[in-house]
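A.B. asks: Here's a structure for you.
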Amino acid sequence: MSRKTPPITDDNVVQIVFYKSDELTTDLICCDITINSATGPLVWFLHEEADEWEDVLLEMKALPEFDVDWFVKVACPAFSENRTIAFGEKI
């Protein structure tokens, strides 16, 4: 299986935002990763059920100033979006 998301480095990542999507009976934790590209900013969408979720999270944790407490901020309360910027500035 080939990876669908770009490498996560402080050279190319502008912002990482976590949030939840209400799936009626459960919440799905999602992430938007904004990166710089040759054509301008691109947003990559990833969610917790994606095969590469854990690998990408490990790369994110290596970023300087990455908010390692993002999960606590996003998880509660249930069925609320709880949008949280874990890396980068508000854009």
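A.B. asks: If you split all Cα-Cα distances of the chain into 10 Å bins from zero, what percentages do you get per bin, shortest first?
C.D. replies: 16, 51, 29, 4, 0
A.B. asks: Rolling a 1.4 angstrom probe over the protein heavy atoms, how many square angstrom per residue are accessible across the chain?
C.D. replies: Computed with neighbouring chains in place, this is 63 Å² per residue.
A.B. asks: At a 1.4 Å probe, what is the % contribution of carbon and sulfur to the accessible area of the chain? Can you show the working numbers first?
C.D. replies: Details: 3150 of 5760 Å².
Accessible surface attributable to carbon and sulfur in the chain totals 55 percent.
A.B. asks: If you take the charge dipole of the chain about its Cα centre, with +1 on Lys and Arg Cβ and -1 on Asp and Glu Cβ, which of 88, 29, 76 is farthest toward its positive end?
C.D. replies: Ranked along the dipole, the leading option is 88.
A.B. asks: I would also like to ask the following. Ranked highest first by the average count of other Cβ atoms within 10 Å around their residues, in what order do 50-62, 25-37 fall?
C.D. replies: My ranking of the peptides, most packed first, is 25-37, 50-62.
A.B. asks: When Lys and Arg each count +1 and Asp and Glu each count -1, what net charge do the other residues less than 14 Å away from residue 34, Cβ to Cβ, add up to?
C.D. replies: Here the count lands on -2.
A.B. asks: Can you list the HN-Hα couplings for the range 40-57, worked out from phi with the Karplus curve (6.51, -1.76, 1.60; θ = phi - 60°), rounded to whole Hz and with x for Gly and Pro?
C.D. replies: Once θ is set to phi - 60°, the couplings for the range 40-57 become x, x, 10, 10, 9, 9, 9, 9, 5, 8, 6, 4, 8, 3, 5, 5, 5, 4 Hz.
A.B. asks: Mind checking the dipole of the chain: about its Cα centre, +1 per Lys or Arg Cβ, -1 per Asp or Glu Cβ, Debye to the nearest 20?
C.D. replies: Details: 7 positive and 18 negative charges, 45 e Å.
Charge dipole, the chain, about its Cα centre: 220 debye, nearest 20.
A.B. asks: For residue 86, list long-range residues whose amide hydrogen, built 1.01 Å from N in the peptide plane, is under 5 Å from its own amide hydrogen.
C.D. replies: Sorted by chain and number, the residues that satisfy this are 16, 17, 18.
The values are calculated or read from the model by the stated rules, or taken from the named source; none is laboratory data. Remember, it's a predicted structure, so these values are computed and weren't measured experimentally. For neighbour counting, all protein chains shown are included, and Cβ atoms are generated from backbone atoms with ideal geometry for every residue, glycine included. Only protein heavy atoms, including side chains, enter the accessible area calculation; ligands, DNA and RNA are left aside. Shrake-Rupley method; radii C 1.70, N 1.55, O 1.52, S 1.80 Å.
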